[in-house]
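The values are calculated or read from the model by the stated rules, or taken from the named source; none is laboratory data. Being a predicted model, the structure only gives us computed values, none of them experimental. With ideal geometry, Cβ positions are generated from the backbone for all residues, glycine too; neighbour counts draw on all protein chains shown.
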Amino acid sequence: MTDHQPSDPVPTAATTPSGAPAPTAYAAPAPPRHRWRGVAALAVVGLVAGGAGGALGAGLTNAAAAPAPASAPVSHAAASAASAGAQDVEQVARAVTPSVVLLKVQGAASSSEGALGCSGATQEDEGSGIVLSADGTVLTNDHVVAAGAQGGRIEAVLSDGSTHRARIVGADPVTDLAVVRISGVSGLTPATIGSSSHLVVGQPVVAVGAPLGLQGTVTTGIVSALDRPVSTSGESGSQGTVIDAVQTDAPINPGNSGGPLVDAAGRVIGINSAIASLGSSSPAGGQSGSIGLGFAIPVDQAMRVVHQLEAGRTATHAQLGVSVGDSTDPAGAALEDVTAGSAAARAGLRTGDVVTAVDHQPVGDSTSLVAAIRSQAPGDRVAVTYVRHGSTHTVEVTLGSDAATT
C-alpha cells in the first residue's frame, strides 16, 4: 500500500482570519506559457497553519512598506571580502552555465485545462535541464517535460544558442524527475555531480537556469534549511510529489524548474523544483515570482532515480506500508492503517501509533513522514520513533518497495 493520507489530506490553501493577507503556498515554478494561459500545471499544497501563513504574509507586507535603512560606510576589508565572493560566483557561473540547457516543450493541454473550454488547445512549457553526459543525457523535472510525453515536441537550447530535438528517456512523477536525450549532439559539458549528504545551513549556493525563458540566469543565496517537507499536487489531481527538500533563498522563478542548485565549487547538490509564492488572492494575482523561499530535490535522492530511468527501468520508491493522518497530541503522523506484511507491520508498528521521528529527524505531521520515507531507498534501515499509549519507543524498520505494485 502506498503511504498516503486518505482521511486527512493537506489542504491546497491555508485559511486565515478574515482580512488577513493571503498565505504563502508551495508551488513548482510554473513554466512560462505562451499559447495557453490557463491554470498552472502544478498547484502546490499550501501551509497547514493559517496563522503561520497570515503572519508570513503580513511580514512581507510590512517589509515592503518599511523605510530603507541609512547606508553605512563599507570598510576596506569588507569590500575585499565582497570582491572575493563575487569572483567565486563568477567562476562557478562560468563553469556551470555550459552544463545547463533550456527545454521548450509543446504538447496537448491537459484534460483539466481542456475542461475550461480549450479542447484541442496546445500547451507550451519551458524549463531547465542539467547535462549529465557529453552525448546529450539531461536531467530535469517531470513537470517540465510531461506535456511532451504523448506525441508532443521537446527542444533543447544549448548554452551556445543552438537548438536540437530531444525525447524523454524515462520519467517518474512520484519524485518529479525525468531524463531526456538530446538528438545529434556530442562534446557537451556534463555537470559535476556533488552530494547532498553533507550540506549545512548557511553555506553558499548558486542557482542556474532559464527563468521566464531567460537562459543562463545565475542567482545566489544560501542553504536556508534542510529536510524541509514539501508537497505538491500531481497533474490533473493525480498523485503528487513529496520531498525532503533543500530550502534556499537563491531567487528561483518560473522556468528555473529542472535546473541545478550548486555549491561554491560548482557541484550540483540539488534540482530546483518548487517555490513558495503569494496566493492568488494577493494583490499581484496568480503565481508571483521568488520571495526567497525555493526548494530543491537533494541530488543524492535524485541520482538514484536517474540511474534507474537511464537504464530503462521503472523507478522504485521506499515504502513503510501505512496510511497516515495528522496528530496534534502528540505532534506527529498518526498511523490510521498498517498493511499486513508491510515494513511497518514486520517492525511491530500498529494502528494508532503516532510517529514522531525518523532517524532522529522530527516528524511533525503526515507530510513530514511521507517525505522522510521517500527520501530513503527500498531496503534502507531507519530508526522510527513513535508514541503508543503515552509511551515513546524506537524501532528499526527495513523499508519495503513499491516495485511489486508499479
Residue 332 meets each of (1) at positive phi; (2) loosely packed, with under 14 Cβ neighbours inside 10 Å with one exception, condition (2)
Picking from 342, 401, 323, 368, the residue that is in contact with a strand residue (DSSP E or B) (Cβ under 7 Å, 6 or more places away or on another chain), buried (at least 23 other Cβ atoms within 10 Å of the Cβ), polar (S, T, N, Q) and not assigned by TED's automatic domain parsing to the domain that holds residue 140 would be 368
Flagged pairs (Cβ under 8 angstrom, 6 or more apart or on separate chains; first in region 100-113, closer than 14 Å to residue 164 by Cα; second modelled with pLDDT under 75 and buried (at least 19 other Cβ atoms within 10 Å of the Cβ)) are 105/31
Exception for residue 329 within (1) under 22 Å from residue 243 (Cβ atoms); (2) charged (D, E, K, R); (3) at pLDDT below 95 falls at (1)
_Hey, residue 276 at pLDDT below 95, buried (at least 18 other Cβ atoms within 10 Å of the Cβ) and within 20 Å of residue 179 (Cβ to Cβ) or not_ = no
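Do we have residue 153 as touching a strand residue (DSSP E or B) at 6+ places or on another chain (Cβ under 6 Å), more than 13 Å from residue 125 (Cβ to Cβ) and in contact (Cβ under 8 Å) with a residue 12 or more places away in the chain here?
Judged against the criteria, residue 153 is not a match.
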Considering only strands (runs of 3 or more DSSP E) wholly within region 115-201, the ones with at least 3 residues that are aromatic (Phe, Trp, Tyr), surrounded by fewer than 24 Cβ atoms within 10 Å (Cβ to Cβ) and in the same structural domain as residue 298 (by TED's automatic domain parsing) are none
Exercise. For residue 142, state whether it is touching a residue at least 24 places away in the same chain (Cβ under 8 Å) and under 18 Å from residue 209 (Cα atoms).
Key: yes
